[in-house]
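The values are calculated or read from the model by the stated rules, or taken from the named source; none is laboratory data. Because the structure is predicted, anything quoted here is derived from the model rather than measured. Cβ atoms come from the backbone with ideal geometry, glycine included; neighbour counts cover every protein chain shown.
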Amino acid sequence: MSVSEYFPIYSKLDPKDQEKLSQLASLRKVSQGTIVHSGGSDCLGLLVIRSGQLRAYISSDEGREVTIYRLFERDICLFAASCIMQNIQFDITISAEKETEFWIIPPNYYKELMARDLEVAKYTNDLMATRFTELMWLVEQIMWKSFDKRLAKFLLDEYYLEGEPETLKITHEIIAGHLGTAREVVTRMLKYFQNEGMVKLTRGSIAIVDEVRLSDLAED
């Protein structure tokens with residue numbers, strides 16, 4: 001399969017631009033744990049995800065992380081090409097949570113394409129608006145939603161994302177990185193969940209015991 005089948009507005013491009021985009025887009029495969037993009041000064045290009053899973057997150061000066069969004073098959077990552085967005089800088093890191101394949105569309109070409117193709121410009125603006133909406137949702141969650149509800153939702157999201165396994169292979173430290181808190185806070189809340197019969201903890205994994213109660217807590 002080529003980038004033409006994964007880039008949402010490929011069919012709306014001029015035939016010459018379709019050909020050029022196909023020629024310039026380079027396919028890359030990275031292993032789990034690879035840092036794909038690091039900070040606002042890094043301008044890799046527009047990423048078109050073929051397979052796998054990427055995580056976009058921000059870090060504090062103290063090294064604490066919080067996940068902004070994740071990227072899956074057919075998703076587009078705009079912030080890896082932050083240099084195409086005038087006067088907007090984001091210190092966002094993107095890493096591979098699983099082995100991932102994606103096409104890279106060079107930022108200079110995409111910026112030039114945006115300048116002369118209204119359809120591409122509209123699509124890019126819509127994509128940017130979607131990411132800003134996700135960011136604002138995250139801020140609201142952190143500011144106004146209690147941590148037990150955020151943790152319950154995160155566990156359920158992971159559970160469904162991984163295909164409802166018997167146990168989630170995830171550490172307290174990784175969860176803390178996703179939710180922007182300290183590992184000790186996660187550990188205390190997970191122990192509370194265990195005492196309440198909602199999860200069962202073992203080293204490096206978490207079993208969902210009472211999905212209904214976790215769901216009720218997350219949606220309360």
Find the strands (runs of 3 or more DSSP E) located wholly in the stretch 18-134 whose residues include 3 or more that are aliphatic (A, V, I, L, M) and touching a residue at least 40 places away in the same chain (Cβ under 8 Å), and list them.
46-51
State whether one or more residues within the stretch 37-46 are at pLDDT 95 or above and crowded, with 19+ Cβ neighbours inside 10 Å.
no
Of everything in the stretch 67-121 that's of a type in the set (Gly, Ala, Ser) and modelled with pLDDT of 90 or more, which residue is surrounded by the most Cβ atoms within 10 Å (Cβ to Cβ)?
96
Go through the stretch 166-214 and give me each residue that's among the hydrophobic types (A, V, I, L, M, F, W, C), surrounded by fewer than 19 Cβ atoms within 10 Å (Cβ to Cβ) and part of a loop (DSSP other than H, G, I, E, B).
170, 182, 209
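Residue by residue, here is whether (1) without any contact (Cβ under 8 Å) to a residue 40 or more places away in the chain; (2) in contact with a helix residue (DSSP H, G or I) (Cβ under 6 Å, 6 or more places away or on another chain); (3) among the hydrophobic types (A, V, I, L, M, F, W, C) holds:
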site: 174; (1), (2), (3): yes, no, yes
site: 181; (1), (2), (3): no, no, no
site: 185; (1), (2), (3): yes, no, yes
site: 199; (1), (2), (3): no, yes, yes
site: 210; (1), (2), (3): yes, no, no
Within the stretch 130-137, does at least one residue satisfy the condition of being buried (at least 16 other Cβ atoms within 10 Å of the Cβ), modelled with pLDDT of 90 or more and in contact with a Leu (Cβ under 8 Å, 6 or more places away or on another chain)?
no
